[in-house]
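Down below is the structure, laid out as structure tokens.
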Amino acid sequence: MRSQDVCLVTDIDIHKVNEFVRSIKEFAQTDMISSEANTKKKLVEPLLELLGWDMRSSEVRLEYPVRIGTLSIKSAISDA
């Protein structure tokens with residue numbers, strides 16, 4: 001997704017947003033919440049798709065390990 005491709009808030013389907021919020025609430029009630037893999041698959045990926053990112057493109061890297069001091073970054077999106 002390039003900066004000119006960024007979807008505006010008005011471009012997002014409110015019904016999809018409501019469905020995503022519902023799925024977050026449901027997920028939070030499960031025992032899957034403590035799993036990084038489940039969180040990525042159930043929350044992170046759907047959120048990026050909702051925001052217009054193509055999860056199959058090279059612009060989205062689900063494994064992008066970076067360590068800055070004690071901070072660890074696992075995923076990255078790029079507009080470069």
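Readers should treat all values here as calculations from the given coordinates under stated rules, not as data from a laboratory. The structure presented is a predicted model; accordingly, all values stated were derived computationally and were not measured. As a convention, Cβ positions derive from the backbone with ideal geometry for all residues, glycine included, and neighbour counts pool all protein chains shown.
Evaluated with a Cβ-only charge set (Lys, Arg +1; Asp, Glu -1), the chain carries a dipole of roughly 260 debye about its Cα centre, given to the nearest 20.
What the pair-distance distribution of the chain shows, using all Cα-Cα distances binned every 5 Å from zero, is 3, 13, 21, 20, 21, 15, 7, 1, 0 percent. Per-residue ellipticity at 222 nm, computed for the chain from helices alone with -39500 (n - 2.57) per DSSP H run of at least four residues, works out to -8500 deg cm²/dmol. Note on the stretch 39-78: Cα convex hull, mean projected area over all directions, 3.1 nm².
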